[in-house]
Amino acid sequence: MRITDWPATERPREKLLERGAAALSDAELLAIFLRTGVTGMSAVDLARRLLTDYGSLDALLAADRASFTAGRGLGEAKYVQLQAVLEMARRHAGETIRDRDVLSDPSATRAYLALHLARSEHEVFACVFLDNRNRVIAFEELFRGTIDGAAVYPREVVKAALAHNAAAVILAHNHPSGVAEPSPADRDITRRLADALGLVDIRVLDHVILAREATTSLAERGMM
């Protein structure tokens with residue numbers, strides 16, 4: 001049965017307009033993005049098949065170009081659309097924390113960091129540079145590594161902070177393993193960076209560790 005033959009209250013677009021996007025399942029949201037199905041499958045059926053093949057919506061969104069475009073009903077055009085949607089989400093998240101004290105809304109800051117880092121297949125270390133009122137100056141990825149880790153050099157972090165004229169920083173990196181628990185190495189580099197930045201009067205406010213399903217704040221854990 002085609003989606004147009006469904007009752008109006010069950011069609012994804014109509015359901016979204018009536019009840020809001022949060023009321024839709026992953027398959028229904030994906031079906032709206034896909035717009036059309038393929039021979040023998042509605043957009044919702046195709047969405048369900050894709051979610052089954054990838055294991056989750058998150059895994060589908062994180063797929064690289066080659067694997068994404070190889071999927072049935074997908075292709076270059078859909079990949080380009082998806083990347084545009086994800087970039088708009090990142091920029092929107094950035095706007096929500098810009099020009100405000102990031103400490104006043106930690107959840108928005110974590111959402112912003114998650115959009116940038118949580119889905120990466122390799123470990124990435126980044127900093128959010130802040131002014132003396134804890135407002136965002138810039139976000140910058142500083143180091144990239146393999147899935148086993150990334151080498152972090154305090155001197156380079158200090159140089160970047162001084163280049164941005166930052167008064168404070170929030171450190172962030174992802175754990176591709178999916179576990180957001182801080183390791184002894186994470187705690188060690190946090191101390192080393194705090195000491196190095198402290199020599200030039202730049203405060204380290206937090207170190208946020210991100211995985212696909214969770215985030216951990218070392219400041220909230222009392223590890224700073």
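The values are calculated or read from the model by the stated rules, or taken from the named source; none is laboratory data. Keep in mind that what you see is a predicted model, and the values were worked out from it rather than measured. Quick reminder, even Gly has a Cβ in these numbers, built from the backbone with ideal geometry, and neighbours come from all protein chains shown. Surface areas here come from the heavy atoms of the whole protein model, side chains and all, with no ligands, DNA or RNA. Shrake-Rupley method; radii C 1.70, N 1.55, O 1.52, S 1.80 Å.
Note on the chain: with neighbouring protein chains present and a 1.4 Å probe, carbon and sulfur make up 51 percent of its accessible heavy-atom surface.
Separation of the range 115-138 from the range 34-71 is 30 Å, based on Cα centroids.
Here the Gaussian network model covers the chain, with springs between Cα atoms less than 10 Å apart; of Leu117, Leu24, Leu46, Leu24 fluctuates the most.
Compared with the alpha-carbon gap, the fully stretched path from Arg65 to Asn165 is longer by 32.3 nm at 0.36 nm per residue.
Which one, (1) 16.2, 50; (2) 19.3, 64; (3) 20.6, 68, gives Rg and Dmax of the Cα atoms in Å as derived from the coordinates shown? For Rg and Dmax of the Cα atoms in Å, the calculated option is (3).
Adding -39500 (n - 2.57) for every DSSP H run of four residues or longer, then dividing by how many residues the chain holds, sets the calculated 222 nm ellipticity at -13000 deg cm²/dmol.
For the pair Phe33 and Gln83, label points projected 7 Å from Cα toward Cβ lie 1.5 nm apart.
To the nearest 10, the accessible area of His116 is 60 Å² with a 1.4 Å probe.
Surface listing: Phe68, Phe139 arranged by accessible area from highest to lowest gives Phe139, Phe68, probe 1.4 Å. Accessible surface computed residue by residue for the chain, with neighbouring protein chains in place and a 1.4 Å probe, gives 54 Å² per residue. Listed by number, the DSSP H helices of the chain that run 15 Å or longer by alpha-carbon position along their axis and have mean Kyte hydropathy of at least -1.0 are 43-54, 76-97, 106-117, 184-198. In this view, the solvent-accessible surface of Leu50, computed with a 1.4 Å probe and all protein chains in place, comes to about 10 Å². This model, with +1 at the C-beta of Lys and Arg and -1 at the C-beta of Asp and Glu, gives the chain a dipole about its Cα centre of some 340 debye.
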